[in-house]
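Please read the structure below before turning to the comments.
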Amino acid sequence: MQHKRPSTAKGYKDIWEDHLNALCQRVWLKDARTYHVQAWLDQIGGGKLSRNTLKHIKSVVSGKSVVSGKSVVSGKSVVSGIFTLAKEQDYFQGENPARDSSVNPKAPEAQETYAYSLEEIQSILSVLPEPAATAFAVAAFMGLRHGEVQGLLWENYHDGELFVSRSIGNGRVSDPKTRKGRAPVPVIRQLAERLEMHRLRTGNPQKGPVFANGAGNPLALGSVVNRVILPALNRCEICGKSASNHPKAKHPFKRDSRIPEWHGWHAARRGLGSNLYRLGVPDMVIQRILRHANVSTTATYYIKTAADDVKHAMEKLENNIPLAVPIVADTNRTLEDQTQATDRTIQ
């Protein structure tokens, strides 16, 4: 665990405490067999957990890595895997009993993740106070992860680029997630102006955390969400007060639906990938901007295609196929308008 990123270590700890601890105590480690592991997974899977969550739990048991919801064998990449670690420390011999276990295929699929549109980003920025607005703008216009935004340093901002040199999660400082994660990210003019105003408001510092608290330490963005962002976004449609300040109002609280809901910092990162894609930026370039290790992660999990995009794409296809007079029977009258239009054209 000491070699894992703080967020990863916390995830493994939560899985152990919430799902595995009580079950694993019933069997001696050296006596564990595949049917034991399968029984654990079946019992855990009897609830409402998604298939991706169950794969995550299996990965902790077996020492397999789950990347963006996709299980992949990666040797010792997850050293906290129960049996992988046990074998390394000579508490267990033989084949990993979790290897041939399976996840219930009837478990519900994971919910679709969210990506902010450009319109939603602009709307959120219009209601957030500083420095929350600038922190959110960094996430939305640079695609930085929550911990990377928290770990930004002024000395790494120069020549129109911001270099990501560290990440902060659960109070621990670590290196960026991958080697490509250390790549510089261009700062667009709108964000550069926000950063410059933010720097001036905080005394024009030349080094240290970009987002700092009163003591000069990195600002805890999780606290910013609860104290600032949620109250700013969850406002009453009638009086404009936040939910926490609304109890004394003489009318019931009704959230203002014109303000986008909060879907987390990562929705801004996914939003950047999706918004760039809608603007015609190729997958490979988006991969470099988001600093993913491979383009498949970018294409599968960070490019969200909206319903309007799908409709417009099919309209493009329709407009590029020559229209011929229908020669098949239109039993459901679905082509009536098109047929009449074609007949008028022929006449």
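The values are calculated or read from the model by the stated rules, or taken from the named source; none is laboratory data. Please read these numbers as outputs of a predicted model, since none were measured by experiment. Note that each Cβ is placed from the backbone with ideal geometry, even for glycine, and that neighbours are counted across all protein chains shown. Calculation scope for accessible area: heavy atoms of the full protein, side chains included, ligands and nucleic acids excluded. Shrake-Rupley method; radii C 1.70, N 1.55, O 1.52, S 1.80 Å.
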> Around GLY208, which amide H atoms from residues at least 5 apart in sequence, or from another chain, sit under 5 Å from its own amide H, with H modelled in the peptide plane?
Replying inline: TRP154, GLU155
> How big is the charge dipole of segment 220-322 about its Cα centre, in debye rounded to the nearest 20, if each Lys and Arg gets +1 on its Cβ and each Asp and Glu gets -1 on its Cβ?
Replying inline: 620 debye
> For segment 141-295, what log10 I(q)/I(0) values come out of the Debye formula at q = 0.08 1/Å, with one point per alpha carbon and no solvent?
Replying inline: -0.30
>> Starting from 0.36 nm per residue, how many nanometres of slack lie between ILE321 and ALA183 once their C-alpha separation is accounted for?
In response: 45.4 nm
> Name the trypsin sites (Lys or Arg not before Pro) in segment 214-253 that are in a loop by DSSP and that have at most 12 other C-beta atoms within 10 Å, would you?
Replying inline: LYS248, LYS250
> Taking the alpha-carbon centroid of each part, what is the distance from segment 205-247 to segment 278-309 in angstrom?
Replying inline: 30 Å
>> Leaving out ligands, DNA and RNA, and with a 1.4 Å probe, what % of the accessible surface on segment 215-320 is carbon or sulfur?
In response: 55 percent
> Taking amide H positions as placed 1.01 Å from N in the peptide plane, with prolines and chain starts having none, which residues 5 or more places from GLY151, or on another chain, fall under 5 Å of its amide H?
Replying inline: ILE168
